[in-house]
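Each remark here refers to the structure printed beneath this line.
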Ligand code: ZN
Ligand code: MN
């Protein structure tokens, strides 16, 4: 299905600005934030407001056309891939990578009680190759020991 058909079928009015947003999101694997989407689109539509981007993302999310990720505490990230998958995040640069592996997780009855569980989402945290390389360069240059954990950078 073409991207435009997808968005038309979920009942969103297609304005040129919205089409530019959908076009930008289509097949996008970068998990961009609203700010990043706005920055990219406003090159083509300088009169477009941030509110248009934000409202379009909200409408899209309500219709199930985009997934909102909260794994980056600084800003929400948007994923046009609404199928079930997990994520790996670089805690240094906040790069988000898809993990297209299914893990068979079952909650024991003693935990879930009478809850009916539909879904899960696993977040993996680490350091991407680029940030690891930058850390190593810094260690070499400054003679320091750089060590990262989930949310902290240690320099000794
Ligand atoms: Zn990184
Ligand atoms: Mn994803």
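Residues in the range 103-132 that are surrounded by 10 or more Cβ atoms within 10 Å (Cβ to Cβ) and within 16 Å of ligand 2 (Cβ to nearest atom): 120, 121, 122, 123, 124, 125, 126, 128.
Residues of the range 40-68 that are within 14 Å of the chain's Cα centre (by Cα) and outside any loop (DSSP other than H, G, I, E, B): 57, 61, 67, 68. Within the set 71, 37, the sole residue that is in contact (Cβ under 8 Å) with a residue 40 or more places away in the chain, assigned to a helix (DSSP H, G or I) and either away from ligand 2 (no atom under 16 Å from the Cβ) or surrounded by 16 or more Cβ atoms within 10 Å (Cβ to Cβ) (or both) turns out to be 37. Picking from residues in the range 82-94 that are surrounded by 16 or more Cβ atoms within 10 Å (Cβ to Cβ) and without any contact (Cβ under 8 Å) to a residue 40 or more places away in the chain, the one that is farthest from ligand 1 (Cβ to nearest atom) is 86.
Of these, 135, 98, 79, which one is touching a strand residue (DSSP E or B) at 6+ places or on another chain (Cβ under 6 Å) and closer than 30 Å to residue 19 by Cβ?
Result of the check over 135, 98, 79: 79.
Within the bounds of the range 20-30, is there any residue that is modelled with pLDDT of 90 or more, touching a helix residue (DSSP H, G or I) at 6+ places or on another chain (Cβ under 7 Å) and closer than 22 Å to residue 119 by Cβ? Checked the range 20-30: no residue is modelled with pLDDT of 90 or more, touching a helix residue (DSSP H, G or I) at 6+ places or on another chain (Cβ under 7 Å) and closer than 22 Å to residue 119 by Cβ.
Going through (1) within 11 Å of ligand 2 (Cβ to nearest atom); (2) out of contact with any helix residue (DSSP H, G or I) (no Cβ under 8 Å at 6 or more places or on another chain) one by one, residue 42 falls short only on (1).
The number of residues in the range 82-94 being within 16 Å of ligand 2 (Cβ to nearest atom), touching a strand residue (DSSP E or B) at 6+ places or on another chain (Cβ under 7 Å) and part of a loop (DSSP other than H, G, I, E, B) comes to 2. Does residue 79 qualify as being in contact (Cβ under 8 Å) with a residue 60 or more places away in the chain and under 28 Å from residue 29 (Cβ atoms)? So residue 79 does not fit the description; no.
The values are calculated or read from the model by the stated rules, or taken from the named source; none is laboratory data. Fair warning: this is a prediction, and the values are worked out from it, not measured in the lab. Using ideal geometry, Cβ is built from the backbone for each residue, glycine included, and neighbour counts are taken over all protein chains shown.
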